[in-house]
1. Within the range 59-102, take every residue that is among the polar types (S, T, N, Q) and farther than 17 Å from Leu177 by Cα and give me the one that is least open to solvent (accessible area, probe 1.4 Å).
2. Mind listing just one residue for me: the one in the range 63-111 that is over 11 Å from the mean Cα position of the chain (by Cα) and of a type in the set (Val, Ile, Thr) and, of those, nearest to Glu135 (Cα to Cα)?
3. Inspect all residues belonging to the range 98-105 and state whether any of them is of a type in the set (D, E, K, R), outside any helix (DSSP H, G or I) and touching a residue at least 12 places away in the same chain (Cβ under 8 Å).
4. What number of residues within the range 8-32 satisfy the criterion of being over 17 Å from Ala47 (Cβ atoms), crowded, with 17+ Cβ neighbours inside 10 Å and free of Cβ contacts under 8 Å to residues at least 40 places away in the same chain?
5. State the number of residues belonging to the range 112-122 that are crowded, with 19+ Cβ neighbours inside 10 Å and within 14 Å of Thr64 (Cα to Cα).
6. For residues in the range 42-58 being under 20 Å from the mean Cα position of the chain (by Cα) and in contact (Cβ under 8 Å) with a residue 12 or more places away in the chain, which is least open to solvent (accessible area, probe 1.4 Å)?
7. Can you tell me which residues in the range 123-151 are open to solvent by less than 60 Å² (accessible area, probe 1.4 Å), over 18 Å from the mean Cα position of the chain (by Cα) and within 22 Å of Ile62 (Cβ to Cβ)?
8. Hey, can you tell me all the residues within the range 192-201 that are farther than 14 Å from Ala95 by Cβ and modelled with pLDDT under 85?
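The values are calculated or read from the model by the stated rules, or taken from the named source; none is laboratory data. Being a predicted model, the structure only gives us computed values, none of them experimental. Virtual Cβ from ideal backbone geometry, glycine too; neighbours counted across all protein chains shown. Quick note on the areas: whole protein, heavy atoms, side chains included, nothing else; ligands and nucleic acids left out. Shrake-Rupley method; radii C 1.70, N 1.55, O 1.52, S 1.80 Å.
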Amino acid sequence: MARVSQEHLDARRRQILDGAARCFARNGFHATSMQDVLKEVDLSAGAVYRYFSGKEELIAAIVTEVLGTLRGVYERAALESPPPLPDELVARTFAQLTRERPTVTDSGEWLFPRLMVQVWTETLRNDELSAVLSEGFAEVRAAWAKVVVRYQENGMMRDDVAPDAVARTLIATAQGLGVQYALFGGFSTEALQAGMRGLLSMREADDGTGNQSVKSG
């Protein structure tokens, strides 16, 4: 019997994960059966179960891959000098995800944000998936914090702000944009960047004396 190459095995695994992701995004995790996945990828049960024991393993693998992609974007950004500003970095994040998860509906809607919401919903009731997501989120947050440290080292941000606090806030911005996309439809990268640049440009209001007012704490 001829040996199956690793390239073939990887491609088959990719085929299964992408097909499962499409099913979960369209129909939800619980409404999707393994039979739906088999039909989507046009493979036999034996071919699929060789790689994954069921839906739980499939969704855990998808989550692990996506979080690894996000971590990689931010770790690479932390190596740049100077590091990209948040508006550019969030735009890069969405661009990378659209390259790796390009599936759209018949109407042209990007499916990944819907998948993201489905994963979060399942996490609330699935302890094993929750553990996978929590570990991956901690790694993504740490990678974002490295970028924040580089902002501070380059004089781009105050150094009295905790990097983790900034990282959490920027991640929340990206997550919120994903939810908006899933619920209300798409937005352009240009609009996203313009909005973030507007927020980053804010200053304290002038107190009428030519000086910026200082809030009491």
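1. Applying the filter and picking the extreme gives Thr69.
2. Thr103
3. Start the filter on the range 98-105 by keeping residues that are of a type in the set (D, E, K, R), which leaves 99-101.
Retained after the next criterion (residues that are outside any helix (DSSP H, G or I)): 101.
Narrowing further to those that are touching a residue at least 12 places away in the same chain (Cβ under 8 Å): 101.
Yes: one or more hits.
4. First, the residues of the range 8-32 that are over 17 Å from Ala47 (Cβ atoms): 21-22, 24-32.
Imposing the further condition that a residue be crowded, with 17+ Cβ neighbours inside 10 Å reduces the set to 21-22, 24-26, 29, 32.
If we keep only those that are free of Cβ contacts under 8 Å to residues at least 40 places away in the same chain too, we end up with 32.
Result for the range 8-32: 1.
5. Of the residues in that region, 3 qualify.
6. This residue is Leu58.
7. Listed by number, the list holds a single entry, Asn126.
8. Our first condition is that a residue be farther than 14 Å from Ala95 by Cβ; within the range 192-201, this holds for 194-201.
Selection gives Leu200 alone.
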